Amino acid sequence: MCSAAADRLGRCARRDCRLAFVDTSRNGRRTYCSVRCANNDAVARHRERHQAAARPSAARQ
């Protein structure tokens, strides 16, 4: 199967992704299964921030 330690197994941090991965990074802090998932999550967070900033709040009115 796999020679990696159990603490090197992880689940992708992106909300819609269900994949698991083996963390082969030196420091063992990988959070996404792929660069694509990491980028999609960053784009989603960026869009959420900018949409929230663009919405007028009740305090401003």
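The values are calculated or read from the model by the stated rules, or taken from the named source; none is laboratory data. Given the structure is predicted, the values throughout are model-derived calculations rather than measurements. Note that each Cβ is placed from the backbone with ideal geometry, even for glycine, and that neighbours are counted across all protein chains shown. Note: accessible area is taken over every heavy atom of the protein model, side chains too, but ligands, DNA and RNA are not part of it. Shrake-Rupley method; radii C 1.70, N 1.55, O 1.52, S 1.80 Å.
Just to be sure I understand the model, the point goes 7 Å from the Cα along the line to the Cβ. What's the resulting residue 27 to residue 43 distance in nm?
Rounded to a tenth, the inter-label distance reads 2.6 nm.
If you roll a 1.4 Å probe over the heavy atoms of the protein chains, what accessible area per residue do you get for the chain, in Å²?
Accessible surface, normalised per residue, equals 89 Å².
Counting only residues 5 or more places away or on other chains, whose amide H sits under 5 Å from the amide H of residue 13 once H atoms are built in the peptide plane?
Placed amide hydrogens put 32, 33 under 5 Å from residue 13.
Residue 31 accessible area, nearest 10 Å², 1.4 Å probe?
For residue 31, solvent-accessible area is about 70 Å².
Treat every Asp and Glu Cβ in the chain as -1 and every Lys and Arg Cβ as +1, leave all other atoms uncharged, and give the resulting dipole magnitude about the Cα centre to the nearest 20 debye.
On the way: 14 positive and 5 negative charges, 41 e Å.
The dipole of the chain has a size of about 200 debye.
Can you send over the carbon and sulfur percentage of the accessible area for the chain, probe radius 1.4 Å, protein chains only?
50
Counting only C-alpha contacts under 8 Å and six or more residues apart, can you give the relative contact order of the chain as a whole percent?
24
Farthest toward the dipole's positive end in the chain, which of 38, 6, 27, given Cβ charges of +1 (Lys, Arg) and -1 (Asp, Glu) about the Cα centre?
Projecting each Cα onto the dipole axis, the largest value belongs to 38.
I'd like the orientation of helix 35-54 relative to the chain: the angle between its Cα long axis and the longest Cα principal axis, in ° from 0 to 90, rounded to 10.
Orientation of helix 35-54: about 20 degrees from the principal axis.
Can you compute 3J(HN,Hα) from phi for each residue in the range 10-22, using the Karplus curve 6.51 cos²θ - 1.76 cosθ + 1.60 with θ = phi - 60°, rounded to whole Hz and x for Gly and Pro?
Coupling constants for the range 10-22: x, 10, 4, 7, 6, 3, 8, 9, 10, 7, 10, 8, 9 Hz.
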